[in-house]
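The values are calculated or read from the model by the stated rules, or taken from the named source; none is laboratory data. Keep in mind that what you see is a predicted model, and the values were worked out from it rather than measured. So basically every Cβ, Gly included, is an ideal-geometry build from the backbone, and we count neighbours across all protein chains shown.
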Amino acid sequence: MGKVFDTSRRGFLKGAGVTAAGFTLGFHVPFAGDAQAAVTPDEINAWVVVKPDETVIIRIARVDMGQGTLTGLAQLVAEELECDWSKVKTEYPTPGESLARNRVWGNFGTAGSRGIRDSQDYVRKGGAAARMMLVQAAATEWKVPASECKASKGIVTHPASGKSLSYGQLAMAASKLEAPKDVPLKDPKDWTLAGKPVKRLDTVEKLSGKLVYSIDMKMPGMLNAAIRDTPVLGGKVKSFNASKAEAMKGVKKVMQVGDSAVAVVADTWWRAKSALEAVEIVWDEGPNGAISNDQVKAMLKEGLTAEQAFVGNQAGDVKAALASAAKVVEATYHVPWQHHVTMEPMNATALWTSDKCEVWTATQNAEAALATAADAAGLPVAKCDVYRHALGGGFGRRATSHDFVRQAVLIAKAMPGTPVKLIWSREEDMMHGWYHPTTMAKLTAGLDANGNVTGMHMRISGQSILATVNPQGLQNGKDPATFQGLNPGGAEGAFGYTTIANLLIDHAMRNPPLKAGFWRGVNNNQNAFYLECFIDEVAHAAGQDPLAFRQKMLVNSPKHLAVLNAVAQKAGWGTPAPKGVYRGLAQHMGYGSYVAACAEVSVDDKGKLTIHRIVAATDCGHAVNPQQIAAQIEGSFAYGLSAALHSEITIKGGKVQEENFDTYPALRMEEMPKVESIVMPSGGFWGGVGEPTIFVAAPAVFNAIFAATGKRIRTLPLADQDLRKA
Amino acid sequence: MIKLNINGTLHELDVEPDTPLLWAIREHAGLTGTKYGCGVAQCGACTVHVDGVAMRSCSIPVGEFKPEQKIVTIEGLSPTVTHPIQKAWLELDVPQCGYCQSGQIMAAAALLQANPKPTDEQIRSEMTNICRCGTYNRIQAAIKLAATGMAG
């Protein structure tokens, strides 16, 4: 195996701690040498196990939350392994096993559309190394050079002699061989399994109700817990009266959890939840109990014109360019807080004894969950482990914080030897999110007499995710993630409009008192909304076609341009749309991929919006499973448009006002447009696919709404805005 | 004790009459395929059939049921996972995270039972369950496919 992971304590903390808010430094991590690797005899290497019955188990370090990573990673390993795809099964190793084996599986974190692109190299090498060892085992058996043997569909053959042995027959011998040092990989153009639209490996159990999500955990003697945490961030429990609750059927314990929460443990969750409602809690709301939405908006508004701001992208002299412009266009935009609303509410099952702590949960970063569990358990990491379940949605929530794991462990610790499953009610879930950050942006562009953009200032004001989640990650106070998709170059997300000679993109950080977190697409979402709607405004101010205007500005950014042109062509930009239907465009780059969309909408006399069709393109470099990429594109529009049309979290007296789907609606099928996807991998790089197309959902639709109505929507969500023609 | 007929089996459950059917199914009958998503009949993750009609089990107390009423959960829809809806779902690789899919499948099966050849408009207005992954395009296509009887 070529890849050597960072096995230091620092490496684990980096991998685990980056997204573990509330993570406490100072615990001991025993590493290499302290624990022996649990190597099974049929394990070829960490990634591949071959059973005597020819079953191939591929280990998956990253996690599937619906985005198809499990199948995609298995395809990459199997491609190099040359095994029989119909024999493939997958398995999630635990972070505890990984630590005991020098972090042999690397990073478990699954966020930032990184599941495949960050691990493709070493998982492919894992598959290739295993194949080389299986071939070598056969060659040794036959006393022929390995170079004369071939591997295909789980069988090694020696064409010259006609001999063959199956992987199942060779596994034991192969597992005893030294791992090869030089492990060449296939050129992606020679792939026969990767790159193909194979079906997911995990579907059947999702159709039968048999898949066990962590919320479905059952263990002998298990109890269930319901919890209520402070409704105001920073608040605490002053006192509580549990006498009524304690007398209710099935109730085993009523307890305070940390400073800020009260939990009821009962035989069933419904009884725990019912009893929790009978607990009288007196809260100390703390300093945030007086803050409401108006103050938050005022705070952000002030930042729009503040003197000081962190600079993200700068070129030329924007002040001079704006001062000398023939025409100046200015607009202010706003995005509110949004909640993830994973369909499966936060939950975890914990079993604590003085010697061991085990957790069963749904997490996007099992190493971070382990670090949180160990900290809450008061035990060394080596005495703890986290068992992973399929996620009922993640969207960043289950990467941002493992607060639910901490609570579950603290509750279990009060009941040694008894497994306790903690489930957040939907209301608890919605009111204790790590919300998509709220920001405003003021954009100012200068045009010359020919309608060319000579300068642009984009001032972002508002919340930093890192300031909430991982303040150590700030760079001299600046949150670089704020500028996603706006950076000058870089493989992660480059600003495409490099023809703007005088440019300033800066951020006045304003952090109102609600936790911000990573939310599918993260800061790219509002950055693309602000920028792509504003570019549309500027195009109209210049009297130019929005496609032609962008094409001119993207001449130095051929990949940005290619996806834009692809959607324009497929949607029929420049040709008449059906009667009453109007089009809008947007493009953006993020998580290593280039994306664009063209939306077709109509707005009737009553102002009712119908989104008829979305044409969306992505250039993700290499495409591992095109039909799953298409599924991600479709889903990203459901998620992005749900936010754009409906989603807003507000606070009053420091408390989140939206508690469930009745006050925080989600997009349903009736509103879902038909999404036509164009997967156009140009090769040579690895981009993500779980998030990127979400960036262009809101701006493409809102630009189409402008085309239909002449109304510019600059504030999300759309729901309460009047779209009737003026 | 409350008597419930779930998937053809009569269960006698030690459950308070005001307990929602969802939690009786999950915690007392031990069938966890039916999911909790909101508790207020908004999302449909808890959809089951009651005498062939799709209902949101999170918001109906078990005390309202009679033992002769037939409750069917995702586990009871087809013992071989070959209901036309399930076959169509498999063919179009519908689920993403899968958490809402038990409810989506039960809602779709009830829709086809009541209307074997639904139009796209009927599917879009009848299928009101929430999917946060956004599998709506494929759900719509899979229901159409199931209605043709050609899936799988």
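Below, the figures for the structure above:
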{"read-out": "Tally of residues being touching a helix residue (DSSP H, G or I) at 6+ places or on another chain (Cβ under 6 Å) and surrounded by fewer than 24 Cβ atoms within 10 Å (Cβ to Cβ) across the range A:54-68", "value": "2"}
{"read-out": "Identity of the residue in the range A:687-711, away from chain B (no Cβ under 12 Å) and of a type in the set (Val, Ile, Thr), that ends up farthest from residue A:335 (Cα to Cα)", "value": "A:689"}
{"read-out": "Filter result for residue B:48 (at the interface with another protein chain (Cβ under 9 Å from one of its Cβ atoms) and either of a type in the set (Val, Ile, Thr) or surrounded by fewer than 17 Cβ atoms within 10 Å (Cβ to Cβ) (or both))", "value": "no"}
{"read-out": "Only one of A:207, A:134 that is assigned to a helix (DSSP H, G or I), under 38 Å from the mean Cα position of the chain (by Cα), within 14 Å of chain B (Cβ to nearest Cβ) and among the hydrophobic types (A, V, I, L, M, F, W, C)", "value": "A:207"}
{"read-out": "Candidates B:58, B:97, filtered to the one that is part of a loop (DSSP other than H, G, I, E, B), under 25 Å from residue A:658 (Cβ atoms) and either more than 9 Å from chain A (Cβ to nearest Cβ) or over 12 Å from the mean Cα position of the chain (by Cα) (or both)", "value": "B:97"}
{"read-out": "Top-ranked residue of the range B:109-152 - restricted to ones that are within 12 Å of chain A (Cβ to nearest Cβ) and among the hydroxyl-bearing types (Ser, Thr, Tyr), ranked as farthest from residue B:75 (Cα to Cα)", "value": "B:125"}
{"read-out": "Selection within the range A:414-423 - buried (at least 23 other Cβ atoms within 10 Å of the Cβ) and not basic (Lys, Arg)", "value": "A:420, A:422, A:423"}
{"read-out": "Total residues in the range A:16-73, condition at negative phi and either hydroxyl-bearing (Ser, Thr, Tyr) or modelled with pLDDT of 95 or more (or both)", "value": "31"}
{"read-out": "Yes/no for residue A:684 being of a type in the set (Gly, Ala, Ser), away from chain B (no Cβ under 14 Å) and surrounded by fewer than 21 Cβ atoms within 10 Å (Cβ to Cβ)", "value": "yes"}
{"read-out": "Some residue of the range A:506-524 being buried (at least 24 other Cβ atoms within 10 Å of the Cβ) and farther than 30 Å from residue A:363 by Cα", "value": "yes"}
{"read-out": "The lone exception for residue A:217 - which of (1) of a type outside the set (Asp, Glu); (2) exposed (fewer than 15 other Cβ atoms within 10 Å of the Cβ); (3) within 30 Å of residue B:45 (Cβ to Cβ); (4) touching a Phe, Trp or Tyr at 6+ places or on another chain (Cβ under 9 Å) it fails", "value": "(2)"}
{"read-out": "Some residue of the range A:595-611 being surrounded by 15 or more Cβ atoms within 10 Å (Cβ to Cβ) and of a type in the set (Lys, Arg)", "value": "no"}
{"read-out": "Which listed residue, of A:221, A:258, A:250, A:234, is touching a Pro at 6+ places or on another chain (Cβ under 7 Å), touching a residue at least 12 places away in the same chain (Cβ under 8 Å) and under 18 Å from residue A:411 (Cβ atoms)", "value": "A:221"}
{"read-out": "Among (1) more than 30 Å from residue A:204 (Cβ to Cβ); (2) within 14 Å of chain B (Cβ to nearest Cβ); (3) touching a Leu at 6+ places or on another chain (Cβ under 7 Å) - the single one residue A:459 does not satisfy", "value": "(2)"}
{"read-out": "Elements of type strands (runs of 3 or more DSSP E) in the range A:573-630, at least 1 residues being closer than 21 Å to residue A:196 by Cα and among the hydroxyl-bearing types (Ser, Thr, Tyr)", "value": "A:593-603, A:609-619"}
{"read-out": "Test set (1) of a type in the set (S, T, N, Q); (2) part of a strand (DSSP E or B); (3) within 25 Å of residue A:484 (Cβ to Cβ) - residue A:256 fails condition number", "value": "(3)"}
{"read-out": "Enumeration of residues in the range A:302-341 that are within 29 Å of the chain's Cα centre (by Cα) and closer than 30 Å to residue A:430 by Cβ", "value": "A:303, A:304, A:332, A:333, A:334, A:335, A:336, A:337, A:338, A:339, A:340, A:341"}
{"read-out": "Only listed residue being touching a residue at least 60 places away in the same chain (Cβ under 8 Å) and surrounded by 18 or more Cβ atoms within 10 Å (Cβ to Cβ), chosen from A:77, A:88, A:156", "value": "A:88"}
{"read-out": "Subset of the range B:117-146 (residues that are over 17 Å from residue B:92 (Cα atoms) and touching a Ser or Thr at 6+ places or on another chain (Cβ under 8 Å))", "value": "B:129, B:132"}
{"read-out": "So residue A:71, is it in contact with a strand residue (DSSP E or B) (Cβ under 9 Å, 6 or more places away or on another chain) and surrounded by fewer than 22 Cβ atoms within 10 Å (Cβ to Cβ)", "value": "no"}
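For every residue, the table says whether it meets (1) hydroxyl-bearing (Ser, Thr, Tyr); (2) under 24 Å from residue A:337 (Cα atoms).
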site	(1), (2)
A:579	no, no
A:584	no, no
A:587	no, yes
A:593	yes, no
A:615	no, no
A:634	no, yes
A:656	no, yes
A:663	yes, yes
A:670	no, no
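The rows are residues; the columns are (1) more than 9 Å from every other protein chain (Cβ to nearest Cβ); (2) among the aromatic types (Phe, Trp, Tyr).
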position: B:23; (1), (2): no, yes
position: B:43; (1), (2): no, no
position: B:54; (1), (2): yes, no
position: B:62; (1), (2): yes, no
position: B:66; (1), (2): yes, no
